[in-house]
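Trainee: To start, I am sharing the structure in question, which I have written as structure tokens.
Read the figures in this text as sums done on the coordinates, not as results from a lab. As the structure is a computational prediction, the values presented were derived from the model and not from experiment. Cβ sites come from the backbone with ideal geometry, for glycine too, and all protein chains shown count toward neighbours.
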Amino acid sequence: MNELNTRISQIGVVPVIKINDPERDAAPLARALCAGGLPVAEITFRAAGADRAIRAIKEACPEMLVGAGTVLSAEQARAAVEAGAEFIVSPGFSCLLAEACEALNVQYIPGVITPTEYQMVLPYGYELVKFFPAEQSGGLARIKAMSAPFPMFKVMPTGGINLKNLEAYLSCPVVAACGGSYMVKPADIDAGNWDRIMNLCRQTREIVDRVRG
């Protein structure tokens, strides 16, 4: 895998984050993630100001790996990259978005779930794809089944991942990392529950270390 994918895999879990107030919450959230052992964030464009949140996180914790999620257009990808995003994630696959990311020289992690979608992204040479929504679409059984005809892909399952099933997912050799929002719930971010977020990240880190050494 390339350097970015290797780093994502080493961290093991990518928090998928919706930030409602970037100016207030982005910096303390970034510090809580780093203190908890998860120095990575996928900032979703489902909330306004996602680009501002990315910029604030990179300013507060330059060592963090920060990407943008739920990116649906070239304009959003451009805004994310200008703010400092190092990777772009979308819930599905878009040729236009793939071309935009190539032009922006930023890694694109498209969402796939069906054989047709896997085959659509195959010509682009991606090593890592997002498997979404994971639990709702068959979970590990489907991931393993899909890996038979498409062994060239590593996947990042997202959707329904939590502390109870994380170990099972990470134990699967096809899984590079998992995406999850259980440690960064919007209610906790809005309330400034940084210690809770940090502790959930630490529990996550313990599982990653136990499974992957």
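Trainee: Need the C-alpha centroid separation for region 134-213 versus region 1-65, integer Å.
Mentor: Using only Cα atoms, the two centres lie 16 Å from each other.
Trainee: Sorted by packing (mean other beta-carbon atoms within 10 Å per residue), highest first, where do 63-75, 39-51, 183-195 land? Can you show the working numbers first?
Mentor: Working: 63-75: 19.8, 39-51: 21.5, 183-195: 15.9.
Ranked by mean Cβ neighbours within 10 Å, highest first: 39-51, 63-75, 183-195.
Trainee: Which value, in debye to the nearest 20, describes the size of the charge dipole of region 3-212 about its Cα centre when Lys and Arg Cβ atoms bear +1, Asp and Glu Cβ atoms bear -1, and nothing else is charged? Please list the in-between numbers first.
Mentor: Working: 20 positive and 22 negative charges, 112 e Å.
I would put it at about 540 debye.
Trainee: If you don't mind, another one. Taking the C-alpha atoms of region 124-213, how large are the radius of gyration and the largest Cα-Cα span, Dmax, in Å?
Mentor: Looking at region 124-213, its Cα Rg and Dmax stand at 14.3, 45 Å.
Trainee: Let's test this: bin the Cα-Cα distances of region 1-85 at 5 Å from zero up to the farthest pair and state each bin's percent.
Mentor: Computed distribution, short to long bins: 3, 17, 28, 26, 18, 7, 1, 0.
Trainee: Tell me which residues come under 5 Å, amide H to amide H, from TYR108 once H is placed; ignore anything under 5 positions away on its chain.
Mentor: Here ILE88 satisfy the definition.
Trainee: Which residues in region 103-123 have a backbone N closer than 20 Å to a point placed 7 Å from the Cα of THR6 along the Cα-to-Cβ line?
Mentor: Those under the cut-off are 106-109.
Trainee: Something else about it: How are the alpha carbon pair distances in the chain distributed across 10 Å bins from zero to the largest one, expressed in percent?
Mentor: The calculated distribution, bin by bin, is 9, 37, 38, 15, 1.
Trainee: Further question: Once the Cβ-Cβ distance between ARG24 and PHE150 is put in as r, and R0 is 35 Å, what FRET efficiency do you end up with, to the nearest 0.05? Don't skip to the answer; put the middle values down first.
Mentor: Numbers: r = 42 Å, r/R0 = 1.21.
So, using R0 = 35 Å, E works out to roughly 0.25.
Trainee: Please report, in debye to the nearest 20, how large the charge dipole of region 22-121 is about its Cα centre when each Lys and Arg carries +1 at its beta carbon and each Asp and Glu carries -1 there.
Mentor: Rounded to the nearest 20 debye, it is 260 debye.
Trainee: How high is the relative contact order of the chain, given as a whole-number percent (alpha carbon pairs under 8 Å, six or more residues apart)? Don't skip to the end; give the middle numbers.
Mentor: Working: 399 pairs, mean separation 47.9, N = 213.
Rounded, it is 22 percent for the chain.
Trainee: Let me ask something else about it. Given H placed 1.01 Å from N in the peptide plane, which residues other than close sequence neighbours of PHE93 have an amide H under 5 Å from its amide H?
Mentor: Those lying under 5 Å, H to H, from PHE93 are GLY111.
Trainee: Using the per-residue mean of other Cβ atoms lying within 10 Å as a proxy for protection, in what order, highest first, do the peptides 80-87, 18-25, 197-204 fall? Kindly include the intermediate steps, with their values, before the conclusion.
Mentor: On the way: 80-87: 21.6, 18-25: 17.2, 197-204: 19.9.
The packing order, highest mean first, is 80-87, 197-204, 18-25.
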